[in-house]
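Some notes on the structure that comes next.
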Amino acid sequence: MPKLPAVTGDKVVKAFSKAGWVVARQKGSHVIMVREGSPVVLTIPVHKNRPVKRGTLRDLIKDAGMSVEEFCNLL
C-alpha cells in the first residue's frame, strides 16, 4: 500500500472530481462534494497553504469507497 501523501484541500477536491464527485456547495473553508447514486457526502477542508491531515484524508478516501492507491493515481 502506498504512503498517504500530504496534499492541500484544492488537490483533494480535484482528485475526487476526477473520480466522479461533484462540488455541491462550499460553506466557509469546507467544500461539500456529492456523487449521483451515493448517499455519502464528502466534506473537504480547504485551508490556505495547509495540507489536509492524514487521518482526515484517509477517512475521506474510505468514505468515497476508494483505496489509497486509487486516490494516489488520481493526483
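Since every read-out is calculated from the coordinates, none of them should be taken as a lab result. Predicted model only: the values in this text are computed from it and were never measured. Cβ placement follows ideal geometry from the backbone for every residue including glycine, while neighbour counts extend to all protein chains displayed.
Using all alpha carbons of the chain, what is the percent of pairwise distances in each 10 Å bin, ordered from the shortest bin to the longest?
Calculated P(r), rounded to whole percents: 20, 60, 20, 1.
So, counting K/R as plus one and D/E as minus one, what does the shell of residues with Cβ under 13 Å around VAL12 add up to?
Values: positive: LYS11, LYS14, LYS18, ARG50, LYS53, ARG54, ARG58; negative: ASP10, ASP59, ASP63.
Net local charge, VAL12 excluded: +4.
Between ASN73 and ILE32, what is the spin-label point distance in nm, taking each point 7 Å from the Cα along the Cα→C-beta axis?
3.1 nm
Based on DSSP H runs of at least 4 residues, each adding -39500 (n - 2.57), what is the mean residue ellipticity at 222 nm of the chain after dividing by all its residues, to the nearest 500 deg cm²/dmol? Write out the running numbers ahead of the final one.
On the way: 3 runs with 27 residues, N = 75.
Result for the chain, helices only: -10000 deg cm²/dmol.
Report the calculated FRET efficiency for LYS62 and ASP10 (r = Cβ-Cβ distance, R0 = 22 Å), to the nearest 0.05.
On the way: r = 21 Å, r/R0 = 0.94.
Between LYS62 and ASP10 the formula returns 0.60.
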